[in-house]
Amino acid sequence: MAENKNLKLYEERLNRIVKAMQLEEPDRVPLIPPEEGYWVAAYAGYSVADVTYDYSLLAAAWEKAFTDFPEWDAAYAPFCVWSGPMFEFAGITQFALAGKDGAAQKMHQWKQVSCMSEDEYDELIADPYKFLLEKILPRRCKELGKPYPRNAMAFGKAFQEFLSWLGYWGAKGAEWKEKFGMPVLAGGFTEAPIDFLMDHLRGFKEFSLDLRKLPKETIIRACEALLPYMIKWATTGTRPALFPPIFIPLHFAPFISPDCFKEFYWPTFKKLVDSLVELGYGVIIYCESNWTPHLAYLKELPKGKVIAEFETIDMKEAKKLIGDTVCLMGNLPYELLVYGTKEKIEDYTKKLIDEAAPGGGFIMSADKIFGENVNPKCMRYWCEAVVKYGQY
């Protein structure tokens with residue numbers, strides 16, 4: 001009986017999210033917390049370092065939160081609490097790992113590193129897979145840059161740990177469905193080609209200069225060359241479904257002009273989303289920082305297939321401009337979940353619902369998906385406010 005009850009709860013939560021995604025009105029506004037595992041770890045009494053090196057502790061932390069906050073409609077998959085042992089086996093240089101290179105209680109920090117020179121674009125364009133495997137990985141991961149057989153042994157250990165990590169969380173997702181009736185968001189991960197180029201290859205400073213120094217065709221061809229690999233990244237090991245959707249964080253767009261966005265960012269990003277939808281996937285995009293200058297472009301995305309999660313946006317204006325095309329998600333100020341009073345949290349929650357929920361197509365969340373400092377009382381106030389004001 002308990003199992004049937006949990007499966008029924010799972011279907012209720014799933015239906016709530018899918019209806020919102022398809023721009024329809026569910027029974028109430030869905031609530032998906034701003035969480036990648038960092039806060040639930042702290043809530044359960046663990047540091048980030050604890051759950052990085054023992055992901056069974058992270059699972060236990062999630063399960064405590066599921067019990068204490070049953071109003072949640074989905075849990076974020078632990079994309080950013082990667083396996084610490086995996087990174088150590090590979091000798092990663094891209095992150096400052098909690099408890100190793102950084103403070104034990106703080107999330108992993110991204111290092112600004114350029115591992116590709118501007119004269120290597122042609123090599124990248126000619127054969128991205130070969131270039132990434134033979135040039136970038138050994139530069140990004142110091143153990144993979146060591147002479148054979150040490151590099152092969154390091155790769156094998158890191159890859160085996162990665163498979164164990166994936167298998168563990170895949171099994172947990174199935175367990176959470178039956179035990180807690182909790183869906184997991186998201187089903188896969190990828191990046192826009194231009195974000196991958198900036199994040200993993202050139203670096204922010206260097207790529208910003210590339211946009212001004214190099215021929216436009218070079219940047220465009222590089223993004224087009226990377227596109228098939230970004231699609232492959234999303235679809236490997238995942239099954240086509242509207243839910244759980246493929247998660248795509250959008251990093252570089254807020255730092256470039258509308259003209260640059262139109263010319264360099266949008267074409268391959270739109271092709272990426274269109275391709276995933278054509279293959280049968282739903283998509284959730286996280287529009288980091290202020291997307292106001294680029295907001296109208298989202299109206300060109302496939303209708304009823306995309307969730308757009310916002311960090312900084314006028315939700316009322318977004319509803320008016322793109323609310324008939326994409327499902328809006330966000331953007332309660334994260335600070336309210338740390339310092340807010342019950343009254344302020346209720347007021348802002350009601351404001352967002354009044355602005356974005358009418359007619360459907362809205363999911364309640366916060367303006368940040370990371371953080372270790374949420375006040376449990378504030379989370380409780382927020383959950384109660386969504387249930388109170390979010391009924392259709």
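The values are calculated or read from the model by the stated rules, or taken from the named source; none is laboratory data. Just so it is clear, the model here is predicted, and its values are computed rather than measured. No Cβ is skipped: glycine too gets one built from the backbone with ideal geometry, and neighbour counts run over all protein chains shown.
Tabulated data for the structure shown
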read-out	value
From LEU276, LEU298, residue being more than 19 Å from GLY188 (Cα to Cα) and in contact with a strand residue (DSSP E or B) (Cβ under 7 Å, 6 or more places away or on another chain)	LEU298
Some residue of region 14-33 being closer than 30 Å to ASN375 by Cβ, at pLDDT below 90 and within 22 Å of the chain's Cα centre (by Cα)	yes
Residue tally, condition without any contact (Cβ under 8 Å) to a residue 60 or more places away in the chain and either surrounded by fewer than 19 Cβ atoms within 10 Å (Cβ to Cβ) or in contact with a strand residue (DSSP E or B) (Cβ under 8 Å, 6 or more places away or on another chain) (or both), over region 13-43	3
Number of the exception - ALA308 against (1) of a type outside the set (Ser, Thr, Tyr); (2) at pLDDT 95 or above; (3) at positive phi; (4) surrounded by 15 or more Cβ atoms within 10 Å (Cβ to Cβ)	(3)
Which numbered condition SER164 fails, given (1) surrounded by 16 or more Cβ atoms within 10 Å (Cβ to Cβ); (2) at pLDDT below 95; (3) of a type in the set (Ser, Thr, Tyr)	(1)
Residue that is nearest to ALA61 (Cα to Cα) [pool: residues in region 174-199 that are crowded, with 21+ Cβ neighbours inside 10 Å and among the β-branched types (Val, Ile, Thr)]	THR190
Leading residue by the ranking (farthest from LYS350 (Cα to Cα)) among those in region 1-10 that are in contact (Cβ under 8 Å) with a residue 12 or more places away in the chain and not hydroxyl-bearing (Ser, Thr, Tyr)	GLU3
Qualifying residues in region 335-364 (those that are closer than 13 Å to PRO34 by Cβ and touching a Phe, Trp or Tyr at 6+ places or on another chain (Cβ under 9 Å)) - the one surrounded by the most Cβ atoms within 10 Å (Cβ to Cβ)	MET364
For ARG202: the one exception among (1) charged (D, E, K, R); (2) surrounded by fewer than 19 Cβ atoms within 10 Å (Cβ to Cβ); (3) over 19 Å from the mean Cα position of the chain (by Cα); (4) closer than 29 Å to PRO138 by Cα	(2)
Residue in region 322-339 that is polar (S, T, N, Q), closer than 30 Å to TYR46 by Cβ and at pLDDT 95 or above present	no
Total residues in region 93-133, condition under 30 Å from ILE369 (Cβ atoms) and in a loop (DSSP other than H, G, I, E, B)	18
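Table: residues versus (1) modelled with pLDDT of 80 or more; (2) under 30 Å from ASP54 (Cβ atoms); (3) in contact with a strand residue (DSSP E or B) (Cβ under 9 Å, 6 or more places away or on another chain).
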| position | (1), (2), (3) |
| --- | --- |
| ASP101 | no, yes, yes |
| GLU123 | yes, no, no |
| CYS141 | yes, yes, yes |
| GLY145 | yes, yes, no |
